[in-house]
Amino acid sequence: MEGRGFYNANSAWQASGAATALSLFAEAASEVPLDDTEGPIVLADYGSSQGRNSLAPLRAAITELRSRVGPQRPIIVAHVDQPANDFATLFDVVDTAAGSYTSDEGNIFPCAVGRSFYRSVLPPDYVHLGWSSYAAHWLSRVPTRIPGHIYVPRATADARAAFTEQARSDWETFLSLRALELRPGGRLVIVAPALDDSATTPFAVLFDYANQALVDMVAEGTLHREERERMVVSAFQRTRTEAQAPFVDDRRFAGLTARSCTVSEVPDPSWLQFEQDRDQRALAARRAAFFRATFAPTLSDALDHRDADARKSFCNRLEAGLCQRLDDHVAPIATFAVTLLVVKE
Ligand SMILES: C[S@@+](CC[C@H](N)C(=O)[O-])C[C@H]1O[C@@H](n2cnc3c(N)ncnc32)[C@H](O)[C@@H]1O
C-alpha cells in the first residue's frame, strides 16, 4: 500500500467491505471464551496497513469485551503487516484518531509485528480474537505473469490455473498458522474481496482501465514494454467455494471449524459520494486515487529502477492516466466480499 498515510486517505472501498463483517466480529467478541485469569486479552489484526480501517472493528470488539470483563483487564492489540508497512502512520492513528479504540481507554496496549502472515507472527495459543480485512487475498508470491493484463480474473486459463493453485496453498498456510496462534475457543473473522458464484466481478472494469493506462504509458515512452509485461497485481479474489474449500470435511481444517462463510455485495463508496456531489471529475479522481493507494506500489515492483523517485513518478503518471480513462465511466462499480468466521475447537 502507498505509504505516508496515502492508503488511509484513499481506502474507503476497503472500509466499505470491512463494514459488512463488523457485527460478526462484535458477536465473536461477545462469545469468545475468556479465561478466569487476569492476564491480557489478545487481539490480532492481520494485514493492518496504516490502521484507519482497523479502528471501527477493533473498537466494536473491545466494547463487547469491556462489557464482559470491566475496565481493568489489559488488552493487547497486535497489528501485523509486512516489514515495509507504514507503521509510523498506524501508531499515530491509533494514538490520536477520534474513533480510535484507545480513546477513553487506559488498559489497551497496541503493538506491531513486522513480518509476513505467511509465517508465524505470534506465539502458540496466544490470540483470543483475530481480525483480517482485505489482506488475506494478497498472495505470498506471483506464480506467473498474466499475458496482456495485470489482473487475475482477466488471465488466460493457464495463468489462472497457476494463480488458483498458489491461492489454494497460501490460504491453507494462512489458516494453519492462525490455527496455531489462536487459543482454544479463539475466533478469527476474515473478510476479503471476492468473486461471485459465477467467478466474475464488476470490479474488473477498473483494472481494464488501469491496464489501458499502462499501455498508454508504454506508447508514450514513460514505461518500458518489459516492465509492463512483468506487472501483476498479486492478489486473488476467491469465490465462496474456494474460501470454504479447506473446510469441506466436517467444516474442519487444522483444528479450526468454519462457523459461517458468506458473500455479500459491497456498495461503491465513490458512487455514494457522487450521488451527493454529482461531480464527475471528482468521481474519477477518487477511483484513481484508490487504485493508486492499493495497487500501484505492487505494480511498481516491476520497474527497472525502484528508488523512491522512480516509484513516485510511475504512481503519479498511472494515477493521472487512469483518472483520464475513468472520466466517462459514470456508473457504480459494485464489488463482493467474502466473510469467514472460524473457531479453534
Ligand atoms: C488492502 S490493505 C488492507 C488494510 C486494512 N486491513 C483494511 O481493511 O483497509 C492489505 C494489507 O495487507 C498487507 N499484507 C499483504 N500481504 C501480507 C503478508 N504476507 N503479510 C502481512 N501483511 C500483508 C499489506 O501490506 C497491506 O497493508
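The values are calculated or read from the model by the stated rules, or taken from the named source; none is laboratory data. Quick caveat, the model's predicted, so the values are computed rather than measured. Don't worry about glycine lacking a Cβ; one is built from the backbone with ideal geometry, like all the others, and counts go over all protein chains shown.
Structure values in brief
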item	result
Options 202, 143; residue that is in a loop (DSSP other than H, G, I, E, B) and over 29 Å from residue 267 (Cα atoms)	143
Filtered residues of the stretch 2-21 (kept if under 18 Å from residue 237 (Cβ atoms), within 11 Å of the ligand (Cβ to nearest atom) and outside any helix (DSSP H, G or I))	11, 21
Options 253, 236; residue that is under 17 Å from the mean Cα position of the chain (by Cα) and of a type in the set (Phe, Trp, Tyr)	236
Filter pass, residue 77 being surrounded by 15 or more Cβ atoms within 10 Å (Cβ to Cβ), touching a helix residue (DSSP H, G or I) at 6+ places or on another chain (Cβ under 8 Å), β-branched (Val, Ile, Thr) and assigned to a helix (DSSP H, G or I)	no
Condition broken by residue 123, with the remaining ones in (1) touching an Asp or Glu at 6+ places or on another chain (Cβ under 9 Å); (2) in a loop (DSSP other than H, G, I, E, B); (3) crowded, with 21+ Cβ neighbours inside 10 Å satisfied	(3)
Test set (1) buried (at least 22 other Cβ atoms within 10 Å of the Cβ); (2) without any contact (Cβ under 8 Å) to a residue 60 or more places away in the chain; (3) on the phi < 0 side of the Ramachandran plot - residue 21 fails condition number	(2)
Filter result (more than 11 Å from the ligand (Cβ to nearest atom) and either surrounded by 15 or more Cβ atoms within 10 Å (Cβ to Cβ) or aromatic (Phe, Trp, Tyr) (or both)) within the stretch 90-104	91, 92, 93, 94, 97, 100, 101, 102
Qualifying residues in the stretch 130-165 (those that are within 16 Å of the ligand (Cβ to nearest atom) and hydroxyl-bearing (Ser, Thr, Tyr)) - the one farthest from residue 342 (Cα to Cα)	151
Residue check for residue 49: touching a helix residue (DSSP H, G or I) at 6+ places or on another chain (Cβ under 8 Å) and surrounded by fewer than 24 Cβ atoms within 10 Å (Cβ to Cβ)	no
Counted residues, the stretch 167-181 - those being farther than 11 Å from residue 243 by Cα and not basic (Lys, Arg)	9
Odd one out for residue 120 among (1) more than 17 Å from residue 52 (Cα to Cα); (2) more than 9 Å from the ligand (Cβ to nearest atom); (3) of a type in the set (Gly, Ala, Ser); (4) within 17 Å of the chain's Cα centre (by Cα)	(4)
The stretch 22-65: number of residues that are of a type in the set (D, E, K, R) and either within 13 Å of the ligand (Cβ to nearest atom) or in contact with a Cys (Cβ under 9 Å, 6 or more places away or on another chain) (or both)	2
Filter result for residue 106 (closer than 25 Å to residue 255 by Cα and outside any strand (DSSP E or B))	no
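Okay, residues lined up against (1) aromatic (Phe, Trp, Tyr); (2) assigned to a helix (DSSP H, G or I); (3) in contact with a strand residue (DSSP E or B) (Cβ under 7 Å, 6 or more places away or on another chain); (4) modelled with pLDDT under 95:
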site: 295; (1), (2), (3), (4): yes, yes, no, no
site: 299; (1), (2), (3), (4): no, yes, no, no
site: 306; (1), (2), (3), (4): no, no, no, yes
site: 313; (1), (2), (3), (4): no, yes, no, no
site: 316; (1), (2), (3), (4): no, yes, no, no
site: 321; (1), (2), (3), (4): no, yes, no, no
site: 324; (1), (2), (3), (4): no, yes, no, no
site: 330; (1), (2), (3), (4): no, no, no, no
site: 343; (1), (2), (3), (4): no, no, yes, no
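Quick grid of which residues meet (1) out of contact with any strand residue (DSSP E or B) (no Cβ under 6 Å at 6 or more places or on another chain); (2) not hydroxyl-bearing (Ser, Thr, Tyr); (3) not in a helix (DSSP H, G or I):
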residue	(1), (2), (3)
190	no, yes, yes
198	yes, no, yes
209	yes, no, no
213	yes, yes, no
216	yes, yes, no
226	yes, yes, no
244	no, yes, no
249	yes, yes, yes
258	no, yes, yes
